[in-house]
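Just so you know, all these numbers are worked out from the coordinates, no wet-lab data involved. The model shown is predicted, which means the values in this text are computed figures rather than measured ones. Note: ideal-geometry Cβ built from the backbone for every residue, glycine included; neighbour counts use all protein chains shown.
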Amino acid sequence: MVHNEIHTIDLLIIAAYLIAMVLIGLVVVRKVRNMDDYYLGGRSFGPLVLMATVCATIIGGSGLMGRAGVAYSSGFKAIMTALPYLLGMFIFSGFAGRISAVGTTFGVSSIPDLFEQRFGKSAKVTLGALIAFTMMGTVASQVTATATIINMLGNEIGISYEMGAIIACCVFIIYTATSGLFGVIYTDVFQFVMLILFVYILIPASSLAKLGGMGAFLQNLAPELSTPYLDGGIVDSIPFEAMRTLGYDRLVVVLTRDGSYRKGPMPSLPIDLWYGKYPALQQRLRCRHEAYNQSLDRLRQLEQDGVAKVIRPRRPIEMGRLERDPAVLQRVYDQGYAVGQKTEL
């Protein structure tokens, strides 16, 4: 079998998966006896089922395809896109039990209803609108992921991306509309089992088998991918003295901080947690701000002596460390370009 081509078995697997989702919704509809069952599943789900549905919700199309694509193209910043979600889940889990108890006691069926009892009708409407707005993105990511897979596998037989999106919407609507929260929960459990089986067991296992086992994988792994490195700025943040030792008697130094900047000490907790086995490195990190500020003082003296030309911002740069706004990046670039033009070398 040629693995870079689409085969009938691929289409059959996707079709079986979508049919299974619909069948689950149709089968569990018998559990729905009233509106409380439809909207809340009769408040009958145990911790394992809830764990599975939360995991399947988080590790969905946006995680497996969207965030994985961002990680491949942009690297570490993909993790940053997941942190707000992760923190929100941890924070909410701290008082979710209390919310559930209040809901059971007072017959509250949703968070907007809870807000209505506490803050009034306007709070319910506002929160409901916010939830609806955010859920559009969540549902859209699932539809997009499913449509992309259907189109990728079915393009050869004339299934377009738009048709894939329609199929995805129909499947989601059928199992949700017929059985309510029961359909959502149990399809999530089904997807959780599929994730564990295929994504976390079969794919890694088959990949290692194809490579010749874990030993062959580690042996052929590029050293630069398995060796941890640290920022060289820990040793010398502004390495102008290194250039002087190489014989350069005139220096051009470009700084990203304005003339008033002074570095502060690094928090002790991450130093102790991450580098406890390396006392020399810990000491270097603890006094890095002192060495950095001493370099600034030395550089200013060289500038006054005419040995160094320093190009630095005229004022503090208003930009985040992981800034992605093109307008902000362009503005800061233009500021630096203007300063460079005005500096006589």
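Quick rundown of the values:
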| item | result |
| --- | --- |
| Linear extension gain, Ser100 paired with Thr134, 0.36 nm per residue minus alpha-carbon span | 10.0 nm |
| Tilt relative to the chain, helix 8-27 - C-alpha long axis, 0 to 90 degrees, to 10 | 60 degrees |
| Longest exposed-site-free window of the chain, the sites being GluC sites (Glu not before Pro) in a DSSP loop that have at most 16 other C-beta atoms within 10 Å | 6-317 |
| Separation between Cα centres of region 288-312 and region 140-185, rounded to whole Å | 61 Å |
| Förster radius 30 Å - calculated FRET efficiency between Asn220 and Asp272 (Cβ-Cβ, nearest 0.05) | 0.25 |
| Farthest positive-ward along the chain dipole, Cα basis, beta-carbon charges - from Gly158, Ser260, Ala338 | Ser260 |
| Label point 7 Å beyond Cα of Arg300 along Cβ direction - residues of region 248-265 with amide nitrogen under 18 Å | 253-265 |
| Charge dipole (debye, nearest 20) of region 238-345; +1 at Cβ of Lys and Arg, -1 at Cβ of Asp and Glu | 160 debye |
| Helix 326-342 vs. the chain, principal-axis angle (Cα, 0 to 90°, nearest 10) | 10 degrees |
| Along each principal axis, Cα extent of region 138-180, largest first, Å | 35, 19, 12 |
| Taking N as its residue count, the alpha carbon Rg of region 195-249 over 2.2 N^0.38 Å | 2.13 |
| Cut-off under 5 Å, modelled amide H: who pairs with Ser109 long-range | none |
| Length-normalised contact order for the chain - Cα pairs under 8 Å, 6+ apart - percent | 20 percent |
| GNM result for the chain, Cα springs below 10 Å: residue of Ser268, Ser206, Ser237 fluctuating most strongly | Ser268 |
| Hydrodynamic radius by Kirkwood, which averages 1/r over all alpha carbon pairs of region 190-289, in angstrom | 18.9 Å |
| For semi-axes √(5λ) of the Cα gyration tensor in Å, calculated from these coordinates, the label among (i) 48, 22, 18; (ii) 62, 32, 18; (iii) 52, 29, 22 | (iii) |
| Amide hydrogen neighbours beyond the local backbone of Val253, cut-off 5 Å, H modeled | Lys309, Val310, Ile311 |
| Net charge over other residues, Cβ less than 15 angstrom from the Cβ of Gly42 (K, R count +1; D, E count -1) | +2 |
| Residue-by-residue Karplus 3J(HN,Hα) for region 250-255, coefficients 6.51, -1.76, 1.60, Hz, glycine and proline x | 10, 10, 10, 10, 10, 10 |
| Rounded to 10°, Cα long-axis angle of helix 121-154 versus longest principal axis of the chain | 90 degrees |
